[in-house]
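S.K.: Sharing a structure with you now.
Readers should treat all values here as calculations from the given coordinates under stated rules, not as data from a laboratory. Bear in mind that the values here come from a model prediction, so they are computed numbers and not experimental data. Glycine also receives a Cβ, built like all others from the backbone with ideal geometry; neighbour counts cover every protein chain displayed.
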């Protein structure tokens, strides 16, 4: 993929941060990492696919929960070492902890405070 | 700083990605990296401060251009290994290449295309 090759994966051991933003509301939903293969899969399938640093393998967001991210637009920055994807989030929430966005903690008076209610019960989705 | 210590800087050699989002428009302006010291400076000063991987030192965004990012809100994600800052961008553009956002390239038919006009002339700001 020509577009894959033009991204700079060298600064971060083969990875680039990938910001997922709701295409309708503008809310930032999550940040993951992609290697070249994950980026290529994302472009080819139209579903956001990441490289899991903890599991050391590719994972399509939603492969367990069904909460896939449908890609609407892909942008990169001046240094081509980060991508920003506008997505449509399928399902009630992106975060595996049950929230609409993974960014549900806000700094308030020097401490992290949960700033919203859960959008779904994660046990109903992730526990079998 | 208690809040600094609760962030997970270990996954990425002391760094976390820091997403800058315009507090008024919701546009993602840039993504940088912070180490614990940069995060602490950001909280203390109210201006977004990063760790430059290429220069291996802290830099306050706007220290050369004057285009500082005034912090309005700080959030972190479920894994506490990324931060999302809502900011007010001072000056005409965040990107050192003259654009309002660093994400001025969009994937179109398999190639990166510049998707907007410059907001200012970078030579007038960065060249002395």
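S.K.: Helix-derived [θ] at 222 nm for chain B: sum -39500 (n - 2.57) over DSSP H runs of at least 4, divide by residue count, nearest 500? Spell out each step's value before the answer.
M.R.: Numbers: 3 runs with 19 residues, N = 128.
One gets -3500 deg cm²/dmol as the mean residue ellipticity at 222 nm.
S.K.: With only alpha-carbon atoms counted, please give the Rg and Dmax of the protein assembly as shown, in Å.
M.R.: 17.6, 63
S.K.: Which chain B residue puts its Cβ closest to the axis that rotates B onto A, and at what distance in whole Å?
M.R.: Axis relating chain B to chain A; nearest Cβ residue and distance: B:26, 2.
S.K.: Run the paramagnetic zone check for residue B:70: 7 angstrom along Cα to Cβ, then residues of region B:30-59 with backbone nitrogen under 20 Å.
M.R.: B:30, B:41-50
S.K.: Between residue B:52 and residue B:80, what is the spin-label point distance in nm, taking each point 7 Å from the Cα along the Cα→C-beta axis?
M.R.: My value for the distance between the label points is 3.1 nm.
S.K.: Extent of chain A along each principal axis, from alpha carbon coordinates, in Å, largest to smallest?
M.R.: 42, 38, 30
S.K.: Within region B:63-84, name every residue whose backbone N is under 18 Å away from a label modeled 7 Å from Cα of residue A:108 along the Cβ vector.
M.R.: Label zone hits: B:72-78, B:84.
S.K.: How long is region B:31-74 along each principal axis, judged by its Cα atoms, biggest number first, in Å?
M.R.: 27, 24, 17
S.K.: Relative contact order for region A:1-60: what percent, with Cα pairs under 8 Å and sequence separation of 6 or more? Spell out each step's value before the answer.
M.R.: Details: 77 pairs, mean separation 14.1, N = 60.
Relative contact order for region A:1-60 comes out at 24 percent.
S.K.: Let me ask something else. Over chain B, what relative contact order in percent results from Cα pairs under 8 Å that are six or more residues apart?
M.R.: Working: 238 pairs, mean separation 27.3, N = 128.
Reported as a whole number, the value is 21 percent.
S.K.: For region B:64-128, would you read off the P(r) tail past 17 Å as a percentage of all alpha carbon pairs?
M.R.: Details: 1164 of 2080 pairs.
For region B:64-128, the share of Cα pairs beyond 17 Å comes to 56 percent.
S.K.: Moving to a separate point now. Helix B:36-45 versus the longest principal axis of chain B: what angle, 0 to 90°, nearest 10, using Cα atoms?
M.R.: 70 degrees
S.K.: What does the extension gain come out to for residue B:63 and residue B:37, with contour length at 0.36 nm per residue minus their alpha carbon separation?
M.R.: On the way: separation 26, 0.36 × 26 = 9.36 nm, distance 1.68 nm.
Contour length minus the Cα-Cα distance gives 7.7 nm.
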